[in-house]
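Participant: This structure is in structure tokens; I'll ask about it shortly.
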Amino acid sequence: MKSHLLAAVAASALLAGCATTNQVADMPMTDNVAETAIPSGTGYFAKASDLPLHAPDFSKISDTDYAPAFDQAMEIHNAEIAAIVNNPEAPTFDNTIVALETSGKMLNRVATVFYALTGANTNDTLQAIDTEVSPKLSAHSDAITLNPELFARVKAVYDNRAAMSMTPEDAKLLEETYKEMVHAGAMLTPDQKERVKAINSRLSTLTTEFSQRLIEANKENALVVDDKAMLAGLSEAEIAAAAKTAADRGMPGKYVIALQNTTQQPILPSMENRALREKLFKQSIHRADQGGANDTRALIAEVAKLRAEKAALFGQPDWATYAMYDRMAQNPKTAIDFMNAMVPALAATQRAEAAALNAEIKASGGDFTVKPWDWDRYAEKVRMAKYDLDESAVKPYFEVTRTLEDGVFFMAEKLYGVTFEKRTDLPVYHPDVTTYTVFDKDKSLLGIFYFDPFQRDNKRGGAWMSNFVEQSHLYGTKPVIYNVLNIPKAPEGEPQLVSFDNVETMFHEFGHALHGFFADQKYASLSGTATARDFVEYPSQVHEMWASDPAVLANYARHHETGEVIPGELIAKIEAASKFNQGYALGETMEAALLDMKWHSLSPQEAAAIDTPEKVDAFERKSLTELGLEVELVPPRYRSSYFSHIFSDPTGYSAGYYSYLWTEMLDRDSRKWFRENGGLTRANGDHYRATVLSRGGTMDYFEMFRNFAGREPDVTPMLEARGLVEPVK
Ligand SMILES: [Zn+2]
């Protein structure tokens, strides 16, 4: 979701987990308003990059460029807004709406690069700039969206819309601009506006602080092991990687397991030592709630309170109602009902899974009952017994570059006819980043793709996609897009193997990339992934299906030593096993999604009463208990204290984490459509591109889905895929 008025701030919405952001690209000035002098900028960001498609020239950008560029860019943007406001001509679509859309280009340039780096390759200097700049940006966008003279002009155009002849995309731009300003507070009284500005500024500071404390907390709570014998069960490669991490962190001779940002840690199943498993798990769930400099709970309490207060200023009962105004689901009730309908079947599945794990523990001589730190280990054993599937037997077939070039790119070629060429001429922000030219089906240039696969200490957790340059017919720009992942890096000289989960993530992130590459919009703010929070994950999720498509697998899933294609029975096992452990997998996500809704359904009074770290804990405990799920055995995927989706950004995925489930419904139903219509074909790809991937944020989302599938979305395929209901034969 992207706001053109708030583009620079929206750029900071690069979130842990998967997220996309969307930023306005560069263009030659279309100057509707010559009356007011616009200052010109200096330095790298003053003009568009000279590189192909205006890709950022990282060889020319230094950390000291950002702070002055932000200041200048805001000043220029302010002058552009003043020129719109002071235009002596009556407000028109062009001199107001389009002029607003095309303002702030330098700001978008600097923010685009800056937030790409604070997410994927940060350092102390960038962190300090972020802390300083975030509240300034927040105040800057408020000054624009709450500018009464500007709103008067926008409203004049909007009120006259019935009499105007506009393309559907023009009409959508007008509607979005108007609604966004109203949502920001344009209709509030002057006193209320001042309070909204103060709240926004404080939220910006608090959420930046949350994000920074969490990066430190993740580092500080990495598991340090002195004795290699403790690591029994880990592969030699995993032990070598832990030794290298320790050496990199100045602890040669020790072993360090870095924390992933989720509650569960992927290394837990391999760990034989139960006490060590418990220790790692507890370091994970308590990473940011133990007092001290990296405790995030006081920040959460204040964020929840301010959000509830802000919603009340708009006459809304809670933040969720306020925040969901532009979502596909439209209101909290729809989202909560959608999830609650699954709770009884899910809770029963969780209990059945726990019973099966306890039986496995007993059978293997254990004298304990399953705890969360045991869950994945024994689930893995049951999985092997029940499906004879050993994850470590799968991994040798998935090498990272081959998965990208022969898997992900192959899928894109088969479905959409696009092709790729590796390039070596573009400067990158880290040596692990690779770049590709993307050609359309007619061999014309479609865009440029950056791929940044490996985990680093200075990278946020999770995976995401965003644009360096946004597609826009108005600007004549083509997309420049990056995917960031957190695949653990193998030691030098070892093959870079990827878990099947990460393989699916690669297909997922490239689904976002295709949504960006196939953008076909006039306006950057409606382009590509600039869609609702509960829609944007749909095109990406649906592309995960191709990771296990037989034709795609045959092309990329080859043993790194023998070159042998992954055996069909191993894939059949992966498929069969995919319904396994869904009480946990779906459960942890739904618990996080419902916890998000609990935090954001508070009235101002309720929120204000949660005013200490202890009360944050108590509220979380109570909220989770109320869900009716087995939360002691299956904790939420994120606890509040490290739930960066909802607390590391002024808005982010707040009251929006359910989106992953909502879009899964769209995704699973769409997979059914693809399967019913012949699978991996150009005809199917072209249809999906025409009806969904090329539409950006220009249409009603239900209509978009109907254009694609020929009917309303149905939740049944999702429930079948998760094994919660039996498929109809
Ligand atoms: Zn995603």
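The values are calculated or read from the model by the stated rules, or taken from the named source; none is laboratory data. Keep in mind that this is a model prediction, so the values were computed, not measured. Positions of Cβ are backbone-derived with ideal geometry, glycine not excepted, and every protein chain shown enters the neighbour counts.
Participant: Determine, yes or no, whether THR698 is among the β-branched types (Val, Ile, Thr) and either surrounded by 20 or more Cβ atoms within 10 Å (Cβ to Cβ) or touching a residue at least 24 places away in the same chain (Cβ under 8 Å) (or both).
Facilitator: yes
Participant: Another question about this same structure. Among HIS473, HIS508, which is more than 16 Å from the ligand (Cβ to nearest atom) and modelled with pLDDT of 95 or more?
Facilitator: HIS473
Participant: Shifting gears a bit: Please indicate, with yes or no, whether at least one residue in the range 521-529 is outside any helix (DSSP H, G or I), modelled with pLDDT of 95 or more and within 16 Å of the ligand (Cβ to nearest atom).
Facilitator: yes
Participant: Just one of (1) modelled with pLDDT of 95 or more; (2) within 13 Å of the ligand (Cβ to nearest atom) trips up GLU537, so point out which.
Facilitator: (1)
Participant: If you don't mind, another one. Six or more apart or on different chains, Cβ atoms under 9 Å: show the pairs whose first residue is in the range 442-464 and in contact (Cβ under 8 Å) with a residue 60 or more places away in the chain and among the polar types (S, T, N, Q) and whose second is within 16 Å of the ligand (Cβ to nearest atom) and assigned to a strand (DSSP E or B).
Facilitator: GLN455/LEU485; GLN455/ASN486; GLN455/ILE487
Participant: From the list ALA354, ALA341, ALA320, exactly one residue is closer than 29 Å to GLY583 by Cα and surrounded by 22 or more Cβ atoms within 10 Å (Cβ to Cβ). Which is it?
Facilitator: Residue meeting the stated conditions: ALA320.
Participant: Here is a follow-up. Which residues, taken from the range 86-97, are surrounded by fewer than 21 Cβ atoms within 10 Å (Cβ to Cβ) and part of a helix (DSSP H, G or I)?
Facilitator: Across the range 86-97, the qualifying residues are PHE93, ASP94, ASN95.
Participant: Say we look at the range 685-706 and pick out the residues that are part of a helix (DSSP H, G or I), closer than 18 Å to LYS172 by Cα and of a type outside the set (A, V, I, L, M, F, W, C); which of these is nearest to the chain's Cα centre (by Cα)?
Facilitator: Across the range 685-706, the extreme among qualifying residues is TYR701.
Participant: Next question. Name the pairs whose Cβ atoms lie under 8 Å apart, with the first residue in the range 132-144 and closer than 20 Å to ALA83 by Cα, the second of a type in the set (A, V, I, L, M, F, W, C) and not in a helix (DSSP H, G or I), and 6 or more positions between them or separate chains?
Facilitator: Close Cβ pairs satisfying both conditions: SER141/LEU5; SER141/LEU6; ILE144/LEU5.
Participant: Further question: Which of the following residues is surrounded by 21 or more Cβ atoms within 10 Å (Cβ to Cβ), within 16 Å of the ligand (Cβ to nearest atom) and either of a type in the set (A, V, I, L, M, F, W, C) or over 27 Å from TYR688 (Cα atoms) (or both): LEU415, LEU485, LEU426?
Facilitator: Answer to the selection: LEU485.
Participant: Report yes if VAL382 is modelled with pLDDT under 95 and either among the polar types (S, T, N, Q) or part of a helix (DSSP H, G or I) (or both), otherwise no.
Facilitator: yes
Participant: Quick check, is ALA551 in a loop (DSSP other than H, G, I, E, B) and either at pLDDT 95 or above or of a type in the set (Gly, Ala, Ser) (or both)?
Facilitator: no
Participant: Residues being crowded, with 19+ Cβ neighbours inside 10 Å and either within 16 Å of the ligand (Cβ to nearest atom) or of a type in the set (A, V, I, L, M, F, W, C) (or both): count how many of those fall in the range 545-569.
Facilitator: The number of residues fulfilling the criteria is 7.
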